[in-house]
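Worksheet for the structure shown next.
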Amino acid sequence: MDINVLAIVLLAAISAAAVSYGVLFSRIETERKTEGRVAKVKAAETDRGTVKAARDRVQDVAKKRKSIQEDLKALEKRQQENSKKNMSLKSRLAQAGWKTTTSQFHMYSGIVGAAAFVFTLISGKPLLIAAGVAFVIGFGLPRWILGFMIKRRKNKFLDELPNALDVMVRSIKSGLPMNDAIRLIAAEGQEPVKGEFRKVVEAQAVGLSIPDACARMYQNFPLQELNFFSIVIAIQSQAGGNLSEALANLSKVLRERRKMKQKVAAVSMEAKSSAAIIGSLPFIVAILVYLTSPDYLAILYTDPRGHVILGAAAVWMSLGIFIMRNMINFDI
């Protein structure tokens, strides 16, 4: 075939293709624009649906957060209302773990005070001094012992609570529900955690929910760590979530909090020793001077001006002891 004929055919094909493209260009461009617009509309609808779903999720989270905040405010209000009740003698006896009633406590205190009064009179002291000794021993000593027992029981509770939470975490991870985990602590735990969780089980038996029973446990045994526990249970019951992970984190926080308290106590021990020495030094010096030279201090007891000096010294010593106590005590 001749090369010229091939060239003519090729040029004719190219010309026909160019003419066809020129004729169909507007239609092709229109279809392309239409497809682009349709794609944009679909993308806009998808974005609108995504934005709506995200907005709904945000609203749900905001509603849950508002509900949790309202529940926490109500819980805090109940705790503030019951804080005064926790200062009553009946609640303090329960916190110490004593089975003694208030009337029995007052009776025992009166017996101790009367015995101290009679013993002081027999020893030859004046009636006023005997009455003062009876008041201090009959009124102050039993309450000091009660406060000491409450403090010791709270320390034991704080030592055992993280271990109890770890047991609950392992129980929940193994498939046990929250009720059975609490019953396990109430049956197999160590005192005083065992007794307090038994009260939670008893409260559930009479119809209280787990969050209300845990909040009641904090009201009966006011510890900040128990407040944390009741708040975690309340939030989990309202918002859901991984309870075992929340309790594991709480157990870790309680252990770190305990370590921090012990560290602060060790660091402040030097300051406490210095405060004890400074606070007791005037009394020690006065006793030594009285033993060696009684007449030197007799004017403080016989002269009215000495009474004024003793009163002013007592006020300033009390003020100094109060300031030193606030300087060396730390709340964590």
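The values are calculated or read from the model by the stated rules, or taken from the named source; none is laboratory data. As the structure is a prediction and not an experimental result, all values here were calculated from the model. Please note: Cβ atoms are built from the backbone with ideal geometry, for glycine as well, and neighbour counts cover all protein chains shown. SASA here: full protein model, heavy atoms, side chains in, ligands and nucleic acids out. Shrake-Rupley method; radii C 1.70, N 1.55, O 1.52, S 1.80 Å.
Using the basic label-point model (7 angstrom from Cα toward the beta carbon), what is the Ala39 to Lys90 distance in nanometres?
About 7.8 nm, to one decimal.
Between Glu202 and Ile323, what FRET efficiency comes out of the Förster formula 1/(1 + (r/R0)^6) with R0 = 45 Å and r the beta carbon distance, rounded to 0.05?
Plugging the Cβ-Cβ distance into 1/(1 + (r/R0)^6) gives 0.50.
If you take the C-alpha gyration tensor of the stretch 210-290, multiply each eigenvalue by 5 and take the square root, what semi-axes do you get, largest first, in whole Å?
Semi-axis lengths for the stretch 210-290 are 45, 16, 6 Å.
Specify, per residue and in Å³, the volume enclosed by the convex hull of the alpha carbon atoms belonging to the stretch 194-332.
Spelled out: Cα convex hull of the stretch 194-332, divided by residues, is 187 Å³.
How high is the FRET efficiency from Leu291 to Ala271, r the C-beta distance, R0 22 Å, rounded to 0.05?
The pair Leu291/Ala271 has a calculated efficiency of 0.15.
If each residue of separation counts as 0.36 nm, what is the full-extension length gain between Ser209 and Lys173 once their alpha-carbon separation is subtracted?
10.8 nm
Can you sort Trp98, Trp144 by solvent-accessible area, 1.4 Å probe, largest first?
Listed by decreasing accessible area, they come as Trp144, Trp98.
At a probe size of 1.4 Å, how large is the accessible area of Met327, to the nearest 10 Å²?
Accessible surface of Met327 is approximately 130 Å².
Nothing charged except the Cβ atoms of Lys and Arg (+1) and of Asp and Glu (-1): what's the magnitude of the dipole of the stretch 165-267 about its Cα centre? Round to the nearest 20 debye.
Using Cβ point charges on Lys, Arg, Asp and Glu, the stretch 165-267 gives about 420 debye.
Please give, to one decimal in nm, the separation of the simple spin-label points placed at Glu188 and Arg257, each 7 Å out from Cα toward the Cβ.
2.6 nm
Work out how much length Asn249 to Ile309 would gain on full extension: take 0.36 nm times their residue separation and subtract the Cα-Cα distance, in nm to one decimal.
Taking 0.36 nm per residue and subtracting the Cα distance, the gain is 15.9 nm.
Quote the FRET efficiency, to the nearest 0.05, computed for Leu121 versus Met149 with a Förster distance R0 of 25 Å and r equal to the Cβ-Cβ distance.
Efficiency, from the Cβ-Cβ distance: 0.25.
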